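Report on the following structure.
The values are calculated or read from the model by the stated rules, or taken from the named source; none is laboratory data. Just so it is clear, the structure is predicted and the values come from calculations on it, not from any experiment. Please note: Cβ atoms are built from the backbone with ideal geometry, for glycine as well, and neighbour counts cover all protein chains shown.
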Amino acid sequence: MFAFTEDEIVRYSRHILLPEVGGVGQQKLKEARVLIVGAGGLGSPAAFYLAAAGIGTIGIVDDDVVDLSNLQRQILHRTQDVGTPKVESARRALEDLNPGVKVVPYRFRLDAGNVMDLIREYDVIVDGVDNFATRYLLNDACVMAGKPLVDAGILRWDGLVMTIRPGEGPCYRCVFPEPPPPGAIPSCQEAGIIGAIAGIMGTIQALETVKLILGVGETLTGRLLVVDALEGRFRQVTARRDPGCPVCGENPTITQLVEYDLACDIRGNGAGDRTAAAGGAAN
């Protein structure tokens, strides 16, 4: 039995017309709960398209405030939001777009002490964080909890995205076992970033999330989609599950969450902007 108002039927009519969605699929989206970690360059477009799609509950985790330099790419936020907590700015923007979506703000940094309790409440996790410490922590937590994770990274004109489905394909550590040493990868603040690459990659994250919820198509599980926007090239890199992976392998050695020293952070000027250098490492 579908629980749509007349306005919702009109709002989602283009979805409902699709044979892969229909009323059944739209109801799945309405009942789904998605957690977005980072309300920055990646989290902004992902959140907008997920709210537009009618995801019933969207949680957003970010401990930062809006900075003027964020506005070139972090489209959830406006000039008048400078100095405002990003989760509050994001909540207002998403509720303005779709009042039928419940937005839950979490104004804190994800860590080993809170991540498991937080992701337990959600069906799909979207990774838009700005540092390797949180990226590896989130991967490990999702593997341990059996939660699908849609990961992406961006830098300069480049981006990558992959979908991690525990038990069905490789996790992030299968491809990149350890974080890079401090200083090995420049931040977006140091190297720069073209704003639209965040939109491309974050939108793909939203699309992957919708496919996971609907159970349709092929997700980027076991594949890294690498984008070179300057050259206009999209390519795929095959990734395989590593039987010796320390977190998802046959004999895992990481059985408790590891809190990396934040000295290994490669931080840009705002959440959601992370190195895409991992795309090169996958070649």
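For the reader, a short list of remarks on this structure follows.
- Test for E31: is it more than 16 Å from the chain's Cα centre (by Cα), closer than 28 Å to V115 by Cα and among the charged types (D, E, K, R): yes
- Residue match in the stretch 105-127 (condition: touching a Gly at 6+ places or on another chain (Cβ under 7 Å), of a type in the set (G, A, S), more than 16 Å from F176 (Cα to Cα) and in contact (Cβ under 8 Å) with a residue 24 or more places away in the chain): no
- Within the stretch 101-113, not a single residue is at pLDDT 95 or above and in a helix (DSSP H, G or I).
- Residues that are in contact with a Ser or Thr (Cβ under 6 Å, 6 or more places away or on another chain) and on the phi > 0 side of the Ramachandran plot, drawn from the stretch 120-154: none
- Test: residue in the stretch 213-231 that is at pLDDT 75 or above, among the hydroxyl-bearing types (S, T, Y), over 19 Å from the mean Cα position of the chain (by Cα) and closer than 19 Å to P170 by Cβ: no
- When L76 is tested against (1) touching a Pro at 6+ places or on another chain (Cβ under 9 Å); (2) part of a loop (DSSP other than H, G, I, E, B); (3) in contact (Cβ under 8 Å) with a residue 60 or more places away in the chain, exactly one condition is not met: (3).
- Restricting attention to the stretch 97-125 and to residues that are of a type outside the set (A, V, I, L, M) and over 24 Å from E208 (Cα atoms), the residue that is surrounded by the fewest Cβ atoms within 10 Å (Cβ to Cβ) turns out to be G113.
- Residues located in the stretch 21-67, provided they are free of Cβ contacts under 8 Å to residues at least 24 places away in the same chain and in contact with a Phe, Trp or Tyr (Cβ under 9 Å, 6 or more places away or on another chain): G23, V24
- Residues of the stretch 1-43 that are outside any helix (DSSP H, G or I), of a type outside the set (S, T, Y) and surrounded by 19 or more Cβ atoms within 10 Å (Cβ to Cβ): V21, A32, V34, L35, I36, V37, G38, A39, G40, G41, L42.
- Those residues of the stretch 121-150 which are farther than 17 Å from R241 by Cα, under 11 Å from the mean Cα position of the chain (by Cα), not in a helix (DSSP H, G or I) and not charged (D, E, K, R), in sequence order: V124, I125, V126, G128, V129
- Number of residues in the stretch 128-152 that are within 21 Å of I194 (Cβ to Cβ) and modelled with pLDDT of 95 or more equals 3.
- Considering residues of the stretch 86-119 that are of a type outside the set (G, A, S) and more than 19 Å from the chain's Cα centre (by Cα) only, the residue nearest to V65 (Cα to Cα): R92
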